[in-house]
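The values are calculated or read from the model by the stated rules, or taken from the named source; none is laboratory data. Computed from a predicted model, the values in this text were never measured in an experiment. Because the Cβ atoms are built from the backbone with ideal geometry, glycine has one as well, and the counts that use them run over all protein chains shown. Surface areas here come from the heavy atoms of the whole protein model, side chains and all, with no ligands, DNA or RNA. Shrake-Rupley method; radii C 1.70, N 1.55, O 1.52, S 1.80 Å.
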Amino acid sequence: MFQSANEMKMEMMINGEFGTMKFGDRVMPLPSGYRQVHDEWMRYAPEKLVLDALKFPIRKETDQVLEGTNHWVVSYVKNELKHTLYINTNTHLLYQADIETFSPYDIFNYPWGKFTTTIKYSLQWLYPAKVRYPAQWDVYKLGKPFRSVTIFDIDFKPEVDRALFAIPESMTSPPKATLVKDMPLAVDKIETIADNIFTIPGSWYTAHVVQDDGILIIESPISSDYSEQHIAFLEKKYPSKPIKGVFVTSDAWPHIGGARAYAARNIPIYTHQLNEPLLKKLLAADYSMMPDAYEKSRPNPKFNLINEPMEITDKTNPVRIIPVNGEGGERMIMLYFPKTRVLYASDLVQYSGRNKEFFSPQYLTEVKSAVDKYKLDVETVFAFHTSPIAYKQVLDFLERFKKQ
């Protein structure tokens with residue numbers, strides 16, 4: 001993993017309803033989202049696709065030419081999801097599969113609703129067990145390259161050591177699977193950053209800013225339902241203050257997962273101008289299998305696209321929106337609150353209190369460059385992964401780093 005200087009080995013195991021993740025001697029339950037990801041990989045296996053095609057009613061589709069070669073096309077529906085197989089007419093081997101995908105337990109894929117996963121199979125290899133099998137799988141999601149897998153060795157022995165699937169005695173029952181849409185917002189853990197600036201810790205932080213004439217929300221992570229919880233909390237706590245806007249400060253997938261909830265309410269979305277196409281794709285996603293409020297109404301979204309600094313004025317709590325325009329923060333915006341000298345740094349400040357270390361010195365240089373460029377007087381910084389810390393800690397770390 002690029003975040004670690006040392007090589008890291010991770011093992012994952014699934015046995016019925018149980019799953020474990022193993023890092024060295026450390027074993028922990030496999031989260032439900034990971035479980036679904038690995039079930040997906042089972043679906044991608046070419047032998048699984050062909051065997052399933054024999055179990056379900058199959059339909060002959062129109063033949064197609066792929067890469068200049070004729071292919072028969074057949075499809076079947078499993079669990080309400082269409083599977084389309086492309087079979088080379090010369091070799092009779094499976095070349096491609098288009099699989100409708102819906103991942104209600106997978107936090108990474110859930111925001112995109114129902115979409116198509118494409119797998120291209122190549123490097124067909126004849127193994128000693130008299131099995132011809134593709135050693136190269138190229139996987140595309142939403143039309144974009146997602147992952148390539150090359151099989152260097154594969155064993156078709158029918159006997160497997162059952163000890164490989166042993167469940168630690170400490171795990172008496174599997175962890176309860178949680179739908180992404182049901183992930184709770186921990187409003188009981190709310191932290192005060194400064195006067196009328198608050199953050200709510202979680203897998204990814206979200207925050208809000210109280211102004212005289214309304215409320216601004218910082219980030220829309222995880223899902224529409226997660227954002228709806230934040231909206232409901234604010235409507236109850238501040239019944240006389242409307243929500244004026246939401247800041248989506250990055251194009252990284254955790255930041256945008258709940259943006260549809262704000263679009264459904266015609267709440268303006270503030271984001272870097274480069275993020276508009278991505279957010280429009282998110283709003284166009286097919287949520288028919290688990291409809292959210294936006295799926296039911298689909299109003300035209302309101303975007304405030306940022307490429308130059310702008311200010312939302314307020315006599316007690318104004319906010320200045322700063323585009324980072326750096327290498328790591330190319331599509332990020334930061335938020336500066338001059339009255340309290342607070343900076344929200346999106347993904348660019350990630351501090352581990354346990355290790356007393358920052359992630360990515362490059363990110364920190366981009367924070368400092370923006371602060372210096374726009375002459376911001378910063379005392380406190382907080383971010384998408386980080387509770388408030390003194391900005392001086394960032395500067396001190398960069399000074400130490402320069403001397404290494």
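Assign unit charges at the C-beta atoms only (+1 for Lys and Arg, -1 for Asp and Glu), then state the dipole size of the chain relative to its Cα centre in Debye, rounded to the nearest 20.
I would put it at about 220 debye.
Any idea how far the Cα center of the range 102-173 sits from the one of the range 216-238, in Å?
For the range 102-173 versus the range 216-238, the Cα centre distance is 36 Å.
What full-extension length gain, to one decimal in nm, is calculated for Arg354 and Asn300 as 0.36 nm per residue of separation minus the Cα-Cα distance?
Length gained, Arg354 through Asn300: 15.0 nm.
How many nm separate the modelled label positions at Lys176 and Asp286, each set 7 Å beyond the Cα in the direction of the Cβ?
Each label point lies 7 Å from its Cα, and together they span 3.2 nm.
Just the number, please: carbon plus sulfur as a percent of the accessible area of the range 26-146, 1.4 Å probe, no ligands or DNA/RNA counted.
Accessible surface attributable to carbon and sulfur in the range 26-146 totals 57 percent.
I'd like the accessible area for Ser240, computed on protein heavy atoms only with a 1.4 Å probe and all protein chains in place. Round to 10 Å², please.
100 Å²
Taking amide H positions as placed in the peptide plane 1.01 Å from N, state which residues far from Ile193 in sequence (5 or more) or on other chains have amide H under 5 Å from it.
Close amide H contacts, sequence-distant or interchain: Phe198, Thr199.
Could you derive backbone 3J(HN,Hα) for the range 93-105 from the dihedral phi with the Karplus parameters 6.51, -1.76 and 1.60 (θ = phi - 60°), listing whole Hz in sequence and x where the residue is Gly or Pro?
Working through the residues one at a time gives 9, 5, 9, 8, 10, 10, 10, 5, 10, 9, 10, x, 9 Hz.
Tally the DSSP beta bridges in the range 271-404 and give the antiparallel ones as a percent, rounded to 5. Walk me through the intermediate numbers first.
Numbers: 15 of 20 bridges.
Of all bridge pairs located within the range 271-404, approximately 75 percent are antiparallel.
Give me the distance in nm between label points sitting 7 Å out from Cα along the Cα-to-Cβ direction at Asp39 and Glu191, one decimal.
3.5 nm
What residues qualify as long-range amide H neighbours of Asp286, i.e. H under 5 Å apart, gap of 5 or more or another chain, H built at 1.01 Å from N?
Sorted by chain and number, the residues that satisfy this are Lys114.
Have a look at the DSSP beta bridges in the chain and tell me what percent are antiparallel, nearest 5.
Antiparallel bridges make up about 85 percent of those DSSP assigns within the chain.
So, R0 is 35 Å and r is the distance between the beta-carbons of Leu274 and Ala166; what FRET efficiency does that work out to, to 0.05?
The value I calculate is 0.10.
Of Lys144/Lys281; Lys82/Lys157; Lys241/Lys296, which ones are farther than 20 Å apart at the Cα?
Values: Lys144/Lys281 13 Å; Lys82/Lys157 32 Å; Lys241/Lys296 26 Å.
Correct reply: Lys82/Lys157; Lys241/Lys296.
Ile200: accessible area at probe 1.4 Å, nearest 10 Å²?
0 Å²
Under 16 Å Cα-Cα from Lys55, which aspartates and glutamates qualify once same-chain neighbours fewer than 8 residues away are excluded?
Glu47, Glu80
Once amide H atoms are built 1.01 Å from N in the peptide plane, which residues 5 or more positions from Lys82, or in another chain, come under 5 Å H to H?
Glu100
Using a cut-off of under 18 Å, list every residue of the range 240-271 whose amide N is near the label point 7 Å from the Cα of Ser369 along the Cα-to-beta-carbon line.
Of the residues in the range 240-271, 250-251 have backbone N under 18 Å from the label point off Ser369.
What does the C-alpha gyration tensor say about the overall shape of the chain? Classify as rounded when a/c is under 1.5, otherwise prolate if a/b is larger than b/c, or oblate.
In terms of gyration-tensor shape, prolate.
Rounding to the nearest 20 debye, state how big the charge dipole of the range 279-404 is about its Cα centre with +1 on each Lys and Arg Cβ and -1 on each Asp and Glu Cβ.
Computed charge dipole of the range 279-404: roughly 160 debye.
Say each of Trp72 and Val149 gets a label point 7 Å from the Cα, pointing the same way as Cα to Cβ; how far apart are those two points in nm?
So the label points at Trp72 and Val149 sit 2.5 nm apart.
Can you give the local net charge around Val77? Use residues other than it whose beta-carbon is closer than 10 angstrom to its beta-carbon, Lys and Arg +1, Asp and Glu -1.
Charge balance near Val77 sits at +1.
Can you list the lysines whose alpha carbon is less than 23 Å from that of Lys403, not counting same-chain residues fewer than 8 positions off?
Within reach: Lys356, Lys368, Lys392.
Report, ordered by chain and residue number, the aspartates and glutamates lying within cross-link reach of Lys373, taken as a straight Cα distance under 20 Å and ignoring same-chain residues fewer than 8 apart.
Glu308, Glu311, Glu327, Glu330, Asp347, Asp396, Glu399
Could you compute how much accessible surface Asp161 exposes when probed at 1.4 Å, giving the result in Å² to the nearest 10?
100 Å²
Scanning the chain for GluC sites (Glu not before Pro) in DSSP loops with at most 15 other Cβ atoms within 10 Å, what's the longest stretch left with none?
With a cap of 15 other Cβ atoms within 10 Å, the longest stretch comes to 170-326.
If you fit an axis through the alpha-carbon atoms of helix 391-402 and take the longest principal axis of the Cα set of the chain, what angle between them do you get, 0 to 90°, nearest 10?
Taking Cα atoms only, the helix is inclined about 60 degrees.
Just the number please: accessible area per residue for the chain, 1.4 Å probe, all protein chains included, in Å².
Using a 1.4 Å probe on heavy atoms only, each residue of the chain averages 53 Å².
Apply the Karplus parameterisation 6.51 cos²θ - 1.76 cosθ + 1.60, with θ equal to phi minus 60°, to every residue of the range 114-122 and state each ³J(HN,Hα) to the nearest whole Hz, in sequence, with x for glycine and proline.
8, 9, 9, 9, 10, 10, 9, 10, 8
Rounded to whole Å, give me the distance from the Cα center of the range 322-377 to that of the range 379-404.
Answer, in whole Å: 9.
If you average 1/r over every pair of different alpha-carbon atoms in the range 220-331 and take one over that average, what Kirkwood value in Å do you get?
Hydrodynamic radius (Kirkwood, Cα only) of the range 220-331 equals 14.8 Å.
For the chain, which longest stretch is free of loop sites, where a loop site is one of the trypsin sites (Lys or Arg not before Pro) that DSSP puts outside H, G, I, E and B and that has at most 11 other Cβ atoms within 10 Å?
Answer - 177-314.
Using only DSSP helix segments of four residues or longer, with each worth -39500 (n - 2.57), what per-residue ellipticity at 222 nm results for the chain after dividing by its residue count and rounding to 500?
Computed mean residue ellipticity for the chain: -6000 deg cm²/dmol.
Which whole-Hz ³J(HN,Hα) couplings does the range 34-42 yield from phi under the Karplus relation 6.51 cos²θ - 1.76 cosθ + 1.60, θ = phi - 60°, glycine and proline marked x?
With coefficients 6.51, -1.76 and 1.60, one gets 5, 4, 5, 4, 6, 5, 4, 5, 4 Hz.
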